Every structure is written in structure tokens, then in C-alpha cells.
Amino acid sequence: MRLIIFGPPGVGKGTISGMLIKKYKIPHISSGNIIRELVHKDKAFSKFKSIVDKGGLLPDDAVIKIIEKRLMKPDCKNGYILDGFPRTIAQAEFLDKDLAKKGINIDHVLDLLASDEVIIERLSGRRMCKNCDAIYHLQNIPPKKAGVCDKCGGELIQREDDQPDVIKKRIIAYHKETQPLIDFYKQKELLVEIDTNKPIDEIFRYVCGVVKG
Ligand code: AP5
Ligand code: MG
């Protein structure tokens, strides 16, 4: 199973991906998670930290290299979930060529939908585990114990790009750079729209029906 989870910042891509990988035992490739780790740990990437913190997109060639390398790992053989990649037409064209070279296809592009108001509310209340990247929301999906990850006991933190002014910039970048991909994948008849204004379990049941299907 090869899926792309698509949608604006804060719509729930990471949350749904986390549920899918548990059920289908395939890797979750989140470009955002990989980039956040690299800008903190890898000298060559530290120059991109300010772009992430300000809500901009990294240059295509840098992101493509990261994802190309990740897709070559053996755990991707039987499928994967791509979350946050591709995000520009150049990235989508790279992925197309890479898949064609390997003789494989993407099964579905799940386009998660929510209004800008809902997105802002979700991102403002989000907390993330510093240790395992598990995602919570102070009101919508709270941890059992405040500030502590249910899964690994790690500390829950707020992402640096979840400040109101940066959230606005990320939404603008999404509309400008990423939304054009909707037509790209519609033309390939891969796009499935998913309304996320529902409880997470209901969305997950619907998504499982789509991907089995
Ligand atoms: P990335 O980490 O990909 O951020 P994003 O796309 O802005 O998306 P988020 O991770 O913020 O949101 P999400 O959709 O995963 O939502 P979540 O599940 O957490 O990218 C970060 C940065 O890295 C970019 O800005 C850029 O700088 C760089 N980057 C990454 N990829 C790149 C690329 N390809 N090219 C160039 N640069 C790149 O949910 C959000 C909240 O809502 C949580 O609190 C959750 O608990 C809650 N929630 C989720 N679903 C529901 C629901 N149904 N009901 C109620 N609450 C819900
Ligand atoms: Mg995410």
C-alpha cells in the first residue's frame, strides 16, 4: 500500500498516518518530522531551521534528496505513507519519475479537508511528544496525564512553528505552493477527498474503507 496524505497544515495528516501505520504496519514518512530532526542534529541542515520556524518551504532539491534516500530503505519495499511530501509540483514530478523507474504506483492520494478556522484551532492546541512525535490536542485529543505522552512517557511540547503568525504563513504557503497539486492528482484519478470535521475514529473508519477498497 502506497499512500500520500495530503492537506493543509494542522488538518490531521500526522494523526491519521499514526493510526494507519499501526493497522497496516508500513512506515510513516513525514517530511516535516525528518526535517525537524535534521535541522537540529545535522550541520548541513541547520541553515534551514529559520525557514521552518518562519513557516516557509525548504528548497525542492534539498527535500527531494532527503525523501529519495528514505524511499530507498528496505522497509519501504511493501509500501509507505508519505505525509507532507510532495508539496510542490517539482516534488510531485520527482516522485512520479522515481515511481516509474521502480515500476510501482501510488494507490491513493487522501486529500484531508478543513476550513482555515478549524486548522488554526487544531494547531493552537496541538502538543507533540519530544521523544516519539506522537500528536495530541489539549481539548480534542488530550493525553491521559497533562504534559506526558501516553505512549512513551515523554515530555509534550508545542512545535516552534505553531505560533499564530507562523501558522498564518504556513497556510499561505500551502495555498500558493501545495494546493496546485490537487489538480495534478485529480488528473491522475488518485485523489480522494476526506472531510475531517468529524471525530477522529469516524475519519479513520472512512479512510480504512477507502484504502482497502
Ligand atoms: P509538516 O510537519 O509537514 O507540517 P504541516 O504540513 O504544516 O502539517 P502539520 O504537521 O502541522 O499538521 P498535520 O496535518 O500533520 O496535523 P496533526 O495530525 O498534527 O512541515 C513542517 C515544515 O517543514 C514546513 O512548514 C516546511 O518548512 C518543512 N517541510 C516539510 N515538508 C516539506 C516539503 N515537502 N517541502 C518543503 N518544505 C517542507 O493534527 C493537528 C492537531 O489537530 C493535533 O493537535 C491533533 O490532535 C488535532 N486533530 C487532528 N485530527 C483531528 C480531528 N479530526 N478532530 C479534532 N482534532 C484533530
Ligand atoms: Mg504533521
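Quick notes on this structure:
- Test for residue 56: is it touching a residue at least 12 places away in the same chain (Cβ under 8 Å), farther than 21 Å from residue 183 by Cβ and surrounded by fewer than 19 Cβ atoms within 10 Å (Cβ to Cβ): yes
- Unmet criterion (only one of (1) touching a strand residue (DSSP E or B) at 6+ places or on another chain (Cβ under 6 Å); (2) on the phi < 0 side of the Ramachandran plot) for residue 7: (2)
- Among the residues of this structure, residue 25 counts as one that is out of contact with any His (no Cβ under 8 Å at 6 or more places or on another chain) and more than 10 Å from ligand 1 (Cβ to nearest atom).
Rundown of residues vs (1) over 23 Å from residue 165 (Cβ atoms); (2) not hydrophobic (A, V, I, L, M, F, W, C), yes/no style:
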residue	(1), (2)
3	yes, no
6	yes, no
18	yes, yes
31	no, yes
40	no, yes
44	yes, no
52	no, no
75	yes, yes
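- Residue count for segment 1-32 under the criterion of being under 17 Å from residue 76 (Cα atoms), in a helix (DSSP H, G or I) and touching a residue at least 24 places away in the same chain (Cβ under 8 Å): the result is 7.
- Residue match in segment 34-53 (condition: surrounded by 17 or more Cβ atoms within 10 Å (Cβ to Cβ) and part of a loop (DSSP other than H, G, I, E, B)): no
- Any hit, segment 61-70, residues being open to solvent by 20 Å² or more (accessible area, probe 1.4 Å), within 24 Å of residue 138 (Cβ to Cβ), within 16 Å of ligand 2 (Cβ to nearest atom) and at pLDDT 95 or above: no
The values are calculated or read from the model by the stated rules, or taken from the named source; none is laboratory data. It should be emphasised that the depicted structure is a prediction, and the values quoted were computed from it without experimental measurement. Please note: Cβ atoms are built from the backbone with ideal geometry, for glycine as well, and neighbour counts cover all protein chains shown. Ligands, DNA and RNA are excluded from the accessible area calculation, which covers all protein heavy atoms including side chains. Shrake-Rupley method; radii C 1.70, N 1.55, O 1.52, S 1.80 Å.
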